[in-house]
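Below is one structure, written out as structure tokens; the observations come after it.
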Amino acid sequence: QVSVLYFARSAELAGLRCESLRVPRRVTALQLWEEIVKVHPRLAVIRDQVVFAVRQEYVLLGDQLLVLEPGDEVAIIPPISGG
């Protein structure tokens, strides 16, 4: 079980700011994203723009293998605009 934190647009789409989710312990970053989207399908629209962080480290949505421990923090951060 991991803590998933949603920020800005991802929080709007998910309808909450944080939750605990049960996910596989060994999972690629892309598989983890897909697990989260199963719970919150509306998040799929930001897939190509989202920044993903696991234990406060940025992760690309790809084949990178993650080994998650109970209580690990996963953050979903949509693109930030500004100047």
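Before moving on, here are some points about what is shown:
- Top-ranked residue in segment 26-46 [being without any contact (Cβ under 8 Å) to a residue 12 or more places away in the chain and under 12 Å from the mean Cα position of the chain (by Cα); ranked as surrounded by the fewest Cβ atoms within 10 Å (Cβ to Cβ)]: Lys38
- Taking residues in segment 1-15 that are within 12 Å of Val54 (Cα to Cα), and partners anywhere that are of a type in the set (Asp, Glu) and part of a loop (DSSP other than H, G, I, E, B), the pairs with Cβ atoms closer than 7 Å and at least 6 places apart or on different chains are Val2/Asp72.
- So Ile76, is it within 13 Å of Val2 (Cβ to Cβ), assigned to a helix (DSSP H, G or I) and open to solvent by less than 90 Å² (accessible area, probe 1.4 Å): no
- Filter pass, Gln49 being under 11 Å from the mean Cα position of the chain (by Cα), of a type in the set (S, T, N, Q) and not in a strand (DSSP E or B): no
- Subset of segment 47-66 (residues that are open to solvent by 50 Å² or more (accessible area, probe 1.4 Å) and either among the basic types (Lys, Arg) or touching a residue at least 24 places away in the same chain (Cβ under 8 Å) (or both)): Arg47, Gln49, Val51, Arg55, Leu60, Asp63, Gln64, Leu65
The values are calculated or read from the model by the stated rules, or taken from the named source; none is laboratory data. The structure displayed is predicted, hence computed values, not measured ones. Every residue, glycine as well, gets a Cβ built from its backbone with ideal geometry; the counts of neighbours run over all protein chains shown. For accessibility, only protein heavy atoms count, side chains too; no ligands or nucleic acids. Shrake-Rupley method; radii C 1.70, N 1.55, O 1.52, S 1.80 Å.
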